[in-house]
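Here the structure comes first, spelled out in structure tokens, and everything after it is commentary.
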Amino acid sequence: MDFSSNSISDENPTTKQNGFLHPKLGSEPARSRSRAAMASPANSDPKVVTGAAGYILEDVPHLTDYIPNLQTYTNPLQDNPAYSVVKQYFVHVDDSVPQKVVVHKDGARGVHFRRAGPRQKVYFEADEVQAAIVTCGGLCPGLNTVIRELVCGLNHMYGVKRVLGINGGYRGFYARNTITLTPKSVNDIHKRGGTVLGTSRGGHDTKKIVDSIQDRGINQVYIIGGDGTQKGASAIFEEVRRRGLKVSVVGIPKTIDNDIPVIDKSFGFDTAVEEAQRAINAAHVEAESVENGIGVVKLMGRNSGFIAMYATLASRDVDCCLIPESPFYLEGPGGLYEYIEKRLKENGHMVIVIAEGAGQELVSESVQSMGTQDASGNKLLQDVGLWISQKIRDHFAEQKTLPITLKYIDPTYMIRAIPSNASDNVYCTLLAQSAVHGAMAGYTGYTSGLVNGRQTYIPFYRITERQNHVVITDRMWARLLSSTNQPSFLDVKGDHEEKEEEETLHQVPNERISKVTSDNNEISHVYPAAC
């Protein structure tokens with residue numbers, strides 16, 4: 001765990017004004033301003049604190065923002081034997097983490113987020129805490145690890161004994177399906193895939209959920225899910241706040257596609273990339289074992305091609321990677337058919353990796369699922385892997401230029417159902433413990449996430465305002481193109497459009513920030529290993 005070099009209470013009255021926590025920023029006093037969140041269902045204004053040299057802290061809500069005179073308690077961690085060997089383990093009140101690491105010497109300090117970790121004062125006593133954990137949406141490696149570490153963290157660090165598991169996603173709140181969770185009952189669940197709590201899509205009724213929270217006496221809610229789930233968590237927080245309840249609502253971002261913005265990566269992503277290697281290796285073996293062999297592997301990636309891109313870079317056996325962010329075409333000069341024929345003549349075999357959301361505009365409009373949605377509001381995609389495999393077969397059968405043998409592998413649901421690997425297990429532990437520290441310290445309405453290698457608390461509106469996408473004019477995509485030696489499939493028009501997209505991503509996210517600072521001209525998310 002990452003601890004500060006100072007032990008100063010968050011409740012220092014000199015650092016608190018009008019319900020907002022203000023960092024001490026040297027000789028120039030901090031100024032707080034609020035701006036309406038543009039992409040969030042939230043009703044309350046975000047907490048934005050500004051300071052010297054273009055410093056911006058996008059702070060998270062605190063229970064004291066709407067419940068005055070809350071009693072504080074000494075953090076029991078200071079008497080915890082596990083922490084007796086740690087020196088000065090409380091996070092400093094001023095600690096924040098920059099969203100952007102690479103800056104110019106004369107540039108503004110830019111956007112920061114509150115650093116995660118234990119505080120000297122807490123707002124809950126162990127005996128009064130009734131915590132609830134819920135998992136929503138699709139499966140992802142690491143779900144059970146997060147559940148385990150939330151339960152164990154609450155119990156071992158803070159002495160919390162009452163933890164409920166909400167069974168079956170959001171609808172479990174008002175279906176009154178619960179599981180009692182103890183360190184003993186969750187001891188081995190991290191060794192299994194899936195979620196011991198069950199999950200579902202949709203079923204979000206904010207009023208009924210908060211009614212259930214209130215009726216059960218729940219005062220800490222840990223919600224594990226993707227961007228849609230985090231939007232639901234934001235709505236729950238707003239209703240809790242409207243009712244004036246002493247309830248901390250905490251999100252833990254879960255998506256195997258890695259499409260949640262701001263954070264470095266989502267848990268389960270490393271496991272997904274690692275497991276995808278097995279499918280790619282099998283496709284490569286099949287392809288190179290026959291004359292003009294082609295292996296096609298479909299990986300997960302509804303709107304973002306991160307799994308496909310990183311699996312391709314890790315494998316080195318892939319000749320072509322197709323993702324949703326990079327349009328491609330089949331016929332004509334520079335098209336996919338031409339490239340396949342060229343690679344087969346050069347190497348005698350090739351491997352194609354395609355993300356599930358790639359090329360959807362090329363698939364026939366007549367397929368029945370076109371335009372329909374699942375319970376979470378996600379567009380139901382057509383099976384682009386089967387489609388492109390058949391198109392390749394048909395093309396070479398018609399052309400009669402090369403006799404090919406094509407093998408299609410779809411490991412998507414196998415990948416997301418496995419237990420998390422060592423790297424993700426460690427990451428899940430940090431996310432869960434950080435979430436617990438924040439809830440006990442009275443923070444609410446936030447997502448626990450990793451930003452530039454540091455655990456942080458991110459306000460819900462930043463998590464839900466957009467999706468994270470591969471920027472195909474970024475160096476990471478250029479590295480992939482260099483590795484596979486595939487064409488970019490971009491014409492002049494497409495290249496121009498992508499440059500405009502990149503410029504948009506690197507602009508100020510919304511009016512909220514542009515009004516806070518006029519000299520911070522480049523506030524953007526730094527993608528993993530993109531520098």
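The values are calculated or read from the model by the stated rules, or taken from the named source; none is laboratory data. Small disclaimer: the values here were computed from a predicted structure and weren't measured. No Cβ is skipped: glycine too gets one built from the backbone with ideal geometry, and neighbour counts run over all protein chains shown. Calculation scope for accessible area: heavy atoms of the full protein, side chains included, ligands and nucleic acids excluded. Shrake-Rupley method; radii C 1.70, N 1.55, O 1.52, S 1.80 Å.
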Completion exercise
Those residues of the stretch 100-155 which are open to solvent by 10 Å² or more (accessible area, probe 1.4 Å) and among the polar types (S, T, N, Q) amount to GLN120, GLN130, ASN155
Practice task
Please determine, by comparing only the residues of the stretch 95-116 that are within 23 Å of ALA435 (Cα to Cα) and part of a loop (DSSP other than H, G, I, E, B), which one is modelled with the lowest pLDDT.
Solution key: LYS100
Practice task
Write out, first by first residue and then by second, each pair whose Cβ atoms fall under 9 Å of each other, whose residues are 6+ apart or on separate chains, and whose first residue, in the stretch 450-467, is on the phi > 0 side of the Ramachandran plot while the second is assigned to a strand (DSSP E or B) and open to solvent by 10 Å² or more (accessible area, probe 1.4 Å).
Solution key: ASN452/PRO98
Handout entry: Hey, SER304 within 22 Å of LEU386 (Cβ to Cβ), out of contact with any helix residue (DSSP H, G or I) (no Cβ under 8 Å at 6 or more places or on another chain) and not in a helix (DSSP H, G or I) or not
Key = yes
Practice task
Determine whether the stretch 440-451 contains at least one residue that is part of a strand (DSSP E or B), more than 25 Å from PRO324 (Cα to Cα) and either of a type in the set (S, T, N, Q) or open to solvent by 40 Å² or more (accessible area, probe 1.4 Å) (or both).
Solution key: yes
Exercise for the section: Give me the pairs, please: first residue somewhere in the stretch 268-294 and in contact (Cβ under 8 Å) with a residue 60 or more places away in the chain, second residue anywhere and acidic (Asp, Glu) and in a helix (DSSP H, G or I), beta-carbon distance under 7 Å, and either six or more positions apart or on two chains. Expected result: GLY268/ASP424; ASP270/ASP424; THR271/ASP424; GLY293/GLU286
Practice task
Consider TYR170 carefully, then state whether it is over 16 Å from ALA439 (Cβ atoms) and open to solvent by 30 Å² or more (accessible area, probe 1.4 Å).
Solution key: no
Problem - Any hit, the stretch 63-83, residues being surrounded by 21 or more Cβ atoms within 10 Å (Cβ to Cβ) and modelled with pLDDT of 95 or more - result: yes
Practice task
Could you check, for the stretch 327-337, whether at least one of its residues is under 29 Å from PRO261 (Cβ atoms) and open to solvent by less than 40 Å² (accessible area, probe 1.4 Å)?
Solution key: yes
Completion exercise
TYR427 passes all but one of the listed conditions (1) touching a Gly at 6+ places or on another chain (Cβ under 8 Å); (2) of a type in the set (Phe, Trp, Tyr); (3) open to solvent by 40 Å² or more (accessible area, probe 1.4 Å); the exception is number (3)
Handout entry: Every residue from the stretch 58-78 that is part of a loop (DSSP other than H, G, I, E, B) and over 9 Å from VAL122 (Cβ atoms)
Key = VAL60, PRO61, TYR66, ILE67, PRO68, ASN69, LEU70, GLN71
Exercise for the section: Name the one entry in GLN373, GLN433 that is open to solvent by 10 Å² or more (accessible area, probe 1.4 Å), more than 30 Å from VAL285 (Cα to Cα), modelled with pLDDT of 95 or more and more than 16 Å from the chain's Cα centre (by Cα). Expected result: GLN433
Problem - Residue check for THR145: modelled with pLDDT of 95 or more, hydroxyl-bearing (Ser, Thr, Tyr) and under 21 Å from the mean Cα position of the chain (by Cα) - result: yes
Practice task
Can you tell me which residue among SER234, SER185, SER212, SER200 is of a type in the set (S, T, N, Q), closer than 21 Å to LEU431 by Cα and open to solvent by less than 40 Å² (accessible area, probe 1.4 Å)?
Solution key: SER234
